[in-house]
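Written out below as structure tokens is the structure these notes cover.
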Amino acid sequence: MKLVTYLRDEADQLALLVDGKLYNTQDLHPELPNNMQMFLMMWEDVIGVALHANEQLKNGTYRGSAIGIPYESVHVLAPVPFPTSCRDGYAFRQHVMAARRNRRAEMIPEFDQYPIFYFTNHNAIQGPGPVMCMPDHFDRLDFELEVAVVICKAGRNITAEEADDYIGGYMIMNDLSARTLQMEEMKLNLGPAKGKDFSTVIGPMLVTPDELEAFKVPAKPGHTGNNFNLKMTCRVNGVQVSEGSMGDMDWTFAEIIERCAYGVHLHPGDIIGSGTVGTGCFLELNGTGKLADANYQEQWLQPGDVVEMEVEGLGVLQNTMEQEEGTDFSLLKLKKNV
């Protein structure tokens, strides 16, 4: 099942996406809530109803009054527009190893001992469309190609063996990063914070696990949980710059959830990202390029750039980087004793 949130009468409207058309949930069945927040809160009571309606729409047996709306005709929002929190993991060994190699650092052995994550700004979650950036954000502005999940039922001290049952669905995530701000603050061993908190993009839809069964692959040896061999690519202004696979995750979402939930309550609406896939950001690509050629020209996102992320089975997430108008205010210029 593919769930989309779009703007309807200045409010967020939840719909099922079938064959390019959106069907409002409450029109399909009176028990279905009309927004994602309530759908996640009521998940165990309504998921069966929604899946049944989805199957009827797909096989042509639906006889209700809901009318399909063309997907292209609406303003699509983040599928989970008001998450209760947002964490981002660090699951791809290839990315971590390459990033450390590029700065001439040994691979850190702790990566293979436990999964880690950081909290980012859940109030800065957005979906497809323009991303408004301040001047300092464009000082080495970067994309990060990821997949994210959303928690669909509350839990605490969740084990990896049971954690996949807490995943409502999967979606593309672009963990945008202002690298100069990020690297500056992390010299003080705190962060990332200002380099990350201006925007995190998810979408364009939330895809439930049943849709991905054909792509399921075993977890890496010694790991626990579901994994899916989904091709991941990123294009900037129509030119492909990144390619990887969700199947390359070393730490599974189940294992990341286990760590997140240790001594902590997870809630419906919590978003958890995978971390960046190998080759999934300019920071890694630029470092690899400069190792091979000292004259390699670094690339970073510029005002007007269009970023398209595509993940097999999860759709295409498109955003345009736009400069905030009417201001040249800079945090970097406020540094003292420089």
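Rule-based calculations on the coordinates, nothing more; no lab input. This structure is a prediction, so every number in the text was calculated from the model and none was measured. So basically every Cβ, Gly included, is an ideal-geometry build from the backbone, and we count neighbours across all protein chains shown.
How many angstrom separate the Cα center of region 79-157 from the Cα center of region 273-313?
Going from one Cα centre to the other spans 14 Å.
Calculate, in whole percent, how much of the Cα-Cα pair population of the chain lies beyond 24 Å.
Values: 31647 of 56953 pairs.
Of all Cα-Cα distances in the chain, 56 percent exceed 24 Å.
How do 52, 95, 223 rank when sorted from fewest to most other Cβ atoms within 10 Å of their own Cβ?
Lowest to highest Cβ neighbour count: 52, 223, 95.
If I build a Gaussian network model for the chain, linking alpha-carbon pairs within less than 10 angstrom, which residue out of 248, 293, 142 has the largest mean-square fluctuation?
Its mean-square fluctuation being the largest, the pick is 293.
Would you mind working out the magnitude of the charge dipole of region 267-338 relative to its Cα centre, with +1 at each Lys and Arg C-beta and -1 at each Asp and Glu C-beta, to the nearest 20 Debye?
With only Lys, Arg, Asp and Glu charged at Cβ, the dipole is about 520 debye.
Using a simple charge model, +1 on the beta-carbon of Lys and Arg, -1 on the beta-carbon of Asp and Glu, nothing else, what dipole does region 132-173 show about its Cα centre, in debye to the nearest 20?
Once rounded to the nearest 20, the dipole reads 200 debye.
Could you sort out which of 58/153; 21/153; 196/290; 187/335 sit more than 23 Å apart by Cα distance in this structure?
58/153; 21/153; 196/290
Could you tell me which of 278, 329, 109 has its Cα farthest along the dipole of the chain towards the positive end, charges placed at Cβ (Lys, Arg +1; Asp, Glu -1), taken about the Cα centre?
109
With runs of 4+ DSSP H residues as the only contributors, calculate the mean residue ellipticity of the chain at 222 nm using -39,500 (n - 2.57) per run, divided by the residue total and rounded to the nearest 500.
-5500 deg cm²/dmol
In whole Å, what three semi-axes, largest first, describe the equivalent ellipsoid of region 190-265 built from its Cα gyration tensor (square root of 5 times each eigenvalue)? Intermediate results must be reported in sequence, preceding the final value.
Working: eigenvalues 111, 96, 36 Å².
Those come to 24, 22, 13 Å.
Magnitude of the Cβ-charge dipole of the chain, K/R +1 and D/E -1, about the Cα centre, nearest 20 debye?
720
Can you pull the Kirkwood radius for region 207-338, inverse mean 1/r over Cα pairs, to one decimal in Å?
Hydrodynamic radius (Kirkwood, Cα pairs) of region 207-338 is 18.1 Å.
Using the count of nearby Cβ atoms within 10 Å as a rough guide to exposure, how do 199, 330, 274 rank from fewest to most?
Ordered by Cβ neighbours within 10 Å, fewest first: 330, 199, 274.
Taking other Cβ within 10 Å of each residue's Cβ, how do 258, 185, 161, 10 sort, fewest first?
So the ranking, lowest neighbour count to highest, is 10, 161, 185, 258.
Roughly how tilted is helix 43-59, in degrees to the nearest 10 and between 0 and 90, from the longest Cα axis of the chain?
Helix 43-59 and the main axis of the chain meet at about 80 degrees.
Given region 243-315, report the % of alpha carbon pairs whose separation exceeds 17 Å.
For region 243-315, the share of Cα pairs beyond 17 Å comes to 63 percent.
Computed FRET efficiency, Cβ-Cβ of residue 58 and residue 123, R0 25 Å: what is it to the nearest 0.05?
0.10
Per 0.36 nm of contour for each residue apart, how much would the distance between residue 240 and residue 165 grow if the chain were fully extended, relative to their Cα-Cα spacing?
Here the answer is 23.6 nm.
Which angle from 0 to 90°, rounded to the nearest 10, does the C-alpha axis of helix 282-292 make with the longest principal axis of the chain?
40
Out of the DSSP beta bridges found with both residues in region 85-324, what percent are antiparallel (nearest 5)?
That works out to approximately 80 percent antiparallel.
Which residue, chosen from 65, 127, 193, occupies the Cα position most advanced towards the positive end of the dipole of the chain, where the dipole is computed from +1 (Lys, Arg) and -1 (Asp, Glu) charges on Cβ about the Cα centre?
Of the listed residues, the answer is 193.
Once both axes come from the Cα atoms, what is the angle between helix 93-102 and the longest principal axis of the chain, in degrees from 0 to 90, rounded to 10?
20
Can you give the alpha-carbon Rg of region 146-253 over 2.2 N^0.38 Å, where N counts its residues?
1.24
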